[in-house]
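Derivation of every value follows stated rules applied to the coordinates shown; laboratory data play no part. Quick caveat: nothing in here was measured; it's all calculated off a predicted structure. Glycine gets a Cβ as well: all are built from the backbone with ideal geometry, and neighbour counts include every protein chain shown.
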Amino acid sequence: MRDLTSKRLIVAKGLMFLGLAVGTAAHLLLESPSLRLAVLLAVLVWASCRFYYFLFYALQRYVDPDLRYAGVLALLGQIRRSRGSGSAA
């Protein structure tokens, strides 16, 4: 699969993700409107953003500067391969 290089398509993809997130949150709040659910959704969004920051910035910047991966599955594969090669030595 080719990398996405068009600036317009990258922005469109980001806006689609935003639309999915807002639409899903709105649907959940309309289905079961409560302050508790709104707070839980806010915590979920905040924690997910922090986890994304951790995976794609903190690990590379502060844990292992040589760590390079394109996504979560690529990271898991790299960890699995490094553990496999480390235990064989």
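According to the square roots a ≥ b ≥ c of the eigenvalues of the Cα gyration tensor, what is the shape class of region 1-69, taking rounded for a/c under 1.5, prolate for a/b larger than b/c otherwise, and oblate for the remainder? Before the final figure, lay out the partial values.
On the way: a/c = 4.38, a/b = 1.45, b/c = 3.01.
Judged from the Cα gyration tensor, region 1-69 comes out oblate (a/c at least 1.5, b/c at or above a/b).
Report the net charge of residues surrounding Leu9, where surrounding means a beta-carbon distance below 14 angstrom and charges are Lys +1, Arg +1, Asp -1, Glu -1. Walk me through the intermediate numbers first.
Values: positive: Arg2, Lys7, Arg8, Lys13; negative: Asp3.
Net local charge, Leu9 excluded: +3.
Along the Cα→Cβ direction, 7 angstrom out, place labels at Phe54 and Arg8. What is the inter-label distance in nm?
So the label points at Phe54 and Arg8 sit 3.9 nm apart.
Give me Ser32, Ser82 ranked fewest to most by other Cβ atoms within 10 Å of their Cβ, as a rough exposure proxy.
Numbers: Ser32 9, Ser82 12.
Ascending Cβ contact count within 10 Å gives the list Ser32, Ser82.
Divide by every residue of the chain the summed helix terms, -39500 (n - 2.57) for each DSSP H run of at least 4, and state the resulting mean residue ellipticity at 222 nm, rounded to the nearest 500 deg cm²/dmol.
Working: 3 runs with 61 residues, N = 89.
Here the helix-only value at 222 nm equals -23500 deg cm²/dmol.
Suppose R0 equals 30 Å; then what is the FRET efficiency for Arg83 and Val45 from their Cβ-Cβ distance, rounded to the nearest 0.05?
Numbers: r = 32 Å, r/R0 = 1.06.
The calculated FRET efficiency here is 0.40.
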